[in-house]
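Visitor: First, the structure itself, so that you have it in front of you.
The values are calculated or read from the model by the stated rules, or taken from the named source; none is laboratory data. Owing to the predicted nature of the structure, the values given are computational and were not obtained by experimental measurement. With ideal geometry, Cβ positions are generated from the backbone for all residues, glycine too; neighbour counts draw on all protein chains shown.
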Amino acid sequence: MCVWQWCSEEITKYISDNLPYAYCEQIGKEIRDISDEIPFEIPDSWEWCRLSDLAIKEIKRGKSPVYADSGSVLVFAQKCNVKTGRINITLAKYLSDSVISKYPQEEYMQDRDIIVNSTGTGTLGRIGLYSDRDNPNNLPLVPDSHVTIVRVCKSISQYIYYILKWYQPYLEESGEGSTKQKELKADRIKELFIPIPPLAEQHRIVAKIEELLPYIERYGKAEEHLTALNTTFPEALKKSILQEAVQGKLVPQNPDDEPASVLLERIRAEKQALIKAGKIRKDKHESAIITRDKIPYEIIDGKERCIADEVPFELPESWCWCRLGTIFQHNTGKALNSSNHQGTMMQYITTSNLYWDRFELDKLKEMLFTDSEVEKCTVTKGDLLVCEGGDIGRAAIWNYDYPMRIQNHIHRLRSYAPVEVYFFYYVFYLYKRAGLIGGKGIGIQGLSSNAIDKLLIPLPPLAEQKKIVAKIEELMQYCDKL
């Protein structure tokens, strides 16, 4: 049997026929196999040990100090440990003279002490290396209870610092307690496995790390930038595609297409027919938008006003601006009412079931609907549904062959005459991403029935609506693959 030992014979590597390359740890008389705990294989000239075996002072947290406005001793706090691992001593406070005597000399921080943040979230496990250079006034310094101090021989401190930096994600995950305040116990730090090379090799490793660190930092920033770009680019590309689409720039205009003004007249005619039949109410203030010299004007109750400041972009000549209520009949669903005991128990959807371009229907609730409520609150295939609450403006088209009821925080939009509903779905998608819903400009802060009725939207010719949607769907496939 060949045996390699380190420190107090605690960790031993055995090579035998029965137990090849098994790592064992001896504590007192007890020997146990720790092969599964060893993080990785090391060269034969290296050894494994616990961090506690290397410490020349007990690894423990500082004390909860009593602060003063001035004094002869500083208190090092967790917030002094910056991300780069350097120490900002200007953030330290003064220790009260009344408790200085309670700190033995060995508790004072020394050059090359390693600091481990031991409380909080986001900074838990962060590692710093204290240097006398960080303390230009050379005031005595003691740690507070938010940090753990690891003191090893100065000759190996820089190497141990980098090993603990490698352990930082593990230490962050090892915190105990609530999400608001996690604690990293000193025992978790003490038991860390440390690979120990020969001293000369440690120095070569540290020198190489510090030589490469500037390149690593530049690479890290480049990678962060690339990750952010990869994350945001598909969504930015979608937004760009939709901006081109709603401005009439995605597909070429065909002069043979029926212009949007004719479609709009057909929509108004269908709307008047429903009013005459008593199925819907007449608008008290019907909106009509016209364009003169490329400037839009809105006519309501015979009064004309310029709305150029509300219009975010110009439209092709065959398009027109209109209010959403001109194209779609819209209403919300039924509000929950525990005192209502009439009707038939039926399933319904809420904003929690409605997502962008899809529905999740595995958990549907039920409530009572009367016959009149069923007629008002039922959606059928082809209806555009839009969230009034929750994620305001989130939309999807009901493409199921069966009807469904809606709660009052969902708008049901049903066109008066045939239109390409997906074009208007994409308008909502763009408006939401561009901050035009819940934002400024032509946007709206909420989606009450009055607000959605007045939402200003572009109307292309029907044939072009279909071509735009087909092109969007073709291009979106490439966005999803990025």
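Visitor: With respect to Leu361, is the statement that it is modelled with pLDDT of 90 or more, hydrophobic (A, V, I, L, M, F, W, C), closer than 21 Å to Leu413 by Cβ and not in a strand (DSSP E or B) true? Let's see the steps before the verdict.
Guide: Values: modelled with pLDDT of 90 or more: yes; hydrophobic (A, V, I, L, M, F, W, C): yes; closer than 21 Å to Leu413 by Cβ: yes; not in a strand (DSSP E or B): yes.
Judged against the criteria, Leu361 is a match.
Visitor: Just the residues that are of a type outside the set (A, V, I, L, M) and within 30 Å of Leu54 (Cβ to Cβ), please, taken from the range 199-230.
Guide: Glu201, Gln202, His203, Arg204, Lys208, Glu210, Glu211, Pro214, Tyr215, Glu217, Gly220
Visitor: Another question about this same structure. Being surrounded by 19 or more Cβ atoms within 10 Å (Cβ to Cβ) and among the basic types (Lys, Arg) is the filter here; which residues of the range 356-407 pass it?
Guide: Those that are surrounded by 19 or more Cβ atoms within 10 Å (Cβ to Cβ) and among the basic types (Lys, Arg): Arg394, Arg405.
Visitor: Only one of these is among the aliphatic types (A, V, I, L, M), in contact with a Cys (Cβ under 9 Å, 6 or more places away or on another chain) and modelled with pLDDT under 90: Leu459, Leu447, Leu436. Name it.
Guide: Criteria check complete, one pass: Leu447.
Visitor: Another one. Having 1 or more residues that are within 29 Å of the chain's Cα centre (by Cα), closer than 29 Å to Pro252 by Cα and without any contact (Cβ under 8 Å) to a residue 60 or more places away in the chain is the bar; report the helices (runs of 4 or more DSSP H) wholly within the range 373-482 that clear it. Give the steps one after another, and end with the answer.
Guide: Values: elements: 421-433, 449-453, 462-481.
Hits in the range 373-482: 421-433, 462-481.
Yes or no, residue by residue, for (1) at pLDDT 85 or above; (2) surrounded by fewer than 17 Cβ atoms within 10 Å (Cβ to Cβ):
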position: Arg32; (1), (2): no, yes
position: Glu41; (1), (2): yes, yes
position: Ser45; (1), (2): yes, yes
position: Trp48; (1), (2): yes, no
position: Val66; (1), (2): yes, yes
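Visitor: For the range 218-254, what are the residues that are farther than 26 Å from Glu314 by Cα and basic (Lys, Arg)?
Guide: Arg218, Lys221, listed by residue number.
Visitor: I would also like to ask the following. Can you pull out the residues in the range 171-195 that are surrounded by fewer than 14 Cβ atoms within 10 Å (Cβ to Cβ), over 22 Å from the mean Cα position of the chain (by Cα) and part of a helix (DSSP H, G or I)?
Guide: The answer is Asp187, and nothing else.
Visitor: Does any residue of the range 247-259 turn out to be surrounded by 11 or more Cβ atoms within 10 Å (Cβ to Cβ), hydrophobic (A, V, I, L, M, F, W, C) and without any contact (Cβ under 8 Å) to a residue 12 or more places away in the chain?
Guide: No, the conditions are met nowhere in the range 247-259.
Visitor: Can you tell me which residue among Arg292, Arg281 is free of Cβ contacts under 8 Å to residues at least 24 places away in the same chain and touching a helix residue (DSSP H, G or I) at 6+ places or on another chain (Cβ under 8 Å)?
Guide: Arg281
Matching residues to (1) at pLDDT 85 or above; (2) closer than 20 Å to Tyr161 by Cβ:
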residue	(1), (2)
Ile89	no, yes
Pro104	yes, no
Asp111	yes, yes
Ile115	yes, yes
Ile127	yes, yes
Ser131	yes, yes
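Residue by residue, here is whether (1) of a type outside the set (A, V, I, L, M); (2) at negative phi; (3) modelled with pLDDT under 95 holds:
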{"site": "Gln243", "(1), (2), (3)": "yes, yes, yes"}
{"site": "Val262", "(1), (2), (3)": "no, yes, no"}
{"site": "Gln272", "(1), (2), (3)": "yes, yes, yes"}
{"site": "Lys276", "(1), (2), (3)": "yes, yes, yes"}
{"site": "Lys279", "(1), (2), (3)": "yes, yes, yes"}
{"site": "Lys282", "(1), (2), (3)": "yes, yes, yes"}
{"site": "His285", "(1), (2), (3)": "yes, yes, yes"}
{"site": "Ala288", "(1), (2), (3)": "no, yes, yes"}
{"site": "Thr291", "(1), (2), (3)": "yes, yes, yes"}
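Visitor: Condition test on Ile216, is it touching a Phe, Trp or Tyr at 6+ places or on another chain (Cβ under 9 Å), part of a helix (DSSP H, G or I) and more than 30 Å from Trp321 (Cα to Cα)?
Guide: For Ile216, the condition - touching a Phe, Trp or Tyr at 6+ places or on another chain (Cβ under 9 Å), part of a helix (DSSP H, G or I) and more than 30 Å from Trp321 (Cα to Cα) - is not met.
Visitor: What is the residue count in the range 196-241 for residues that are free of Cβ contacts under 8 Å to residues at least 24 places away in the same chain and within 19 Å of the chain's Cα centre (by Cα)?
Guide: The number of residues fulfilling the criteria is 10.
Visitor: I've got another one for you. Can you tell me how many residues within the range 324-344 are assigned to a strand (DSSP E or B) and more than 24 Å from Val386 (Cα to Cα)?
Guide: 1
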